[in-house]
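Working notes, structure below.
The values are calculated or read from the model by the stated rules, or taken from the named source; none is laboratory data. The shown structure was predicted, so the numbers you read here are calculated from the model rather than taken from an experiment. Here the Cβ positions follow ideal geometry from the backbone for every residue, glycine too, while neighbour counts run over all protein chains shown.
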Amino acid sequence: MKDILLEIKDLKVAYGGIHAIKGINLEIRDGELVTLIGANGAGKTTTMKAITGLQGWVAGDVTYLGKSIKGVPSHELLKQGLAMVPEGRGVFTRMTIVENLQMGAYIRTDTTTIATDIERMFSIFPRLKERANQLAGTMSGGEQQMLAMARALMSQPRLLLLDEPSMGLSPIMVQKIFEVVNTISKEGVTVLLVEQNARLALQAADRAYVMDSGLITMHGNASEMLDDPRVKEAYLGEA
Ligand code: ATP
């Protein structure tokens, strides 16, 4: 079995008196595509934030490459290969596509290969190439999602966290985003995918965790979970 890249142990997160995460365990092994699904408010985004150093916790721990990330700032984690595409994307709207991609590589010192990687992003996301000099803020929601993913990939992540990449997109764009997630995964990047679209997420992933009211209620092989009656009823809209 591959090495554990990231491990969450008995994690508890509270916002004031609200217990958003009530003690969860989760592991991601090198090369896996793991999905975290669940209803609104289940605690998925909070989990992502804890992993990337954006949210502290009251108990438990998160380890990345065998070391606790408690108190490690996000930019330091990014240098260690942990990148996140947040919900709502957060591209630099007043910069062009190319400038956004260059910003994504700001932690890198290998300037000669940055240009090669921008070309590689253009081959994965042809739409971005067509719009290379357009301001990011004038792109459609789906195009901005692609740009946000490409920008994160420019940091050469080992673990890429995607928070609801299909949110608010048309069915065709959703399909495209999932194709790209598969491509990224096949290229060897480990992925944690948070999704509301449980069916597509389970079809894409190797393993899955289901979150409900701050707890992990189920986990296992993603294809097996697609056939699980409880998952079907609660998350796939099947009786
Ligand atoms: P969604 O799919 O709607 O984004 P989620 O599963 O990502 O949901 P979280 O955003 O992690 O859920 O929220 C978990 C719980 O924590 C919710 O009840 C939410 O209202 C609460 N919460 C999140 N952020 C904060 C905050 N900054 N302050 C107070 N409560 C918060």
When Val85 is run through (1) away from the ligand (no atom under 11 Å from the Cβ); (2) over 15 Å from the mean Cα position of the chain (by Cα); (3) of a type outside the set (Gly, Ala, Ser), the failure sits at (2)
Note: among Met173, Met149, Met139, just one is touching a Gly at 6+ places or on another chain (Cβ under 8 Å) and hydrophobic (A, V, I, L, M, F, W, C), namely Met173
The correct count of residues that are modelled with pLDDT under 95 and either under 19 Å from the mean Cα position of the chain (by Cα) or over 24 Å from Met1 (Cβ atoms) (or both) in segment 218-230 is 2
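In this structure, is Ala83 more than 21 Å from Tyr209 (Cβ to Cβ) and hydrophobic (A, V, I, L, M, F, W, C)?
When the stated conditions are applied, Ala83 does not pass them.
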In segment 125-154, anything part of a loop (DSSP other than H, G, I, E, B) and closer than 12 Å to Asn100 by Cβ is listed as Phe125, Arg131, Ala132, Asn133, Gln134, Met139, Met154
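Can you find, within segment 196-225, the residue that is farthest from Ala42 (Cα to Cα) among those that are among the polar types (S, T, N, Q) and within 16 Å of the ligand (Cβ to nearest atom)?
Per the stated criteria, the residue is Asn197.
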Say whether the condition of being in a strand (DSSP E or B) and over 21 Å from Ile124 (Cβ atoms) is met by at least one residue in segment 220-239. yes
Filtering segment 15-43 down to residues that are within 14 Å of the ligand (Cβ to nearest atom), outside any strand (DSSP E or B) and surrounded by fewer than 22 Cβ atoms within 10 Å (Cβ to Cβ) yields Gly16, Gly17, Ala39, Asn40, Gly41
* Asked: Given the structure, is Met95 surrounded by 15 or more Cβ atoms within 10 Å (Cβ to Cβ), farther than 23 Å from Leu192 by Cα, at pLDDT 90 or above and hydrophobic (A, V, I, L, M, F, W, C)?
  -> yes
Residue pairs within 8 Å by beta carbon, gap of at least six or interchain, first lying in segment 105-133 and under 14 Å from Ile177 (Cα atoms), second assigned to a loop (DSSP other than H, G, I, E, B) and at pLDDT 90 or above, listed first then second, are Met121/Met154
Could you go through segment 59-82 and let me know if any residue there is within 19 Å of Gln196 (Cα to Cα) and either more than 12 Å from the chain's Cα centre (by Cα) or assigned to a loop (DSSP other than H, G, I, E, B) (or both).
no
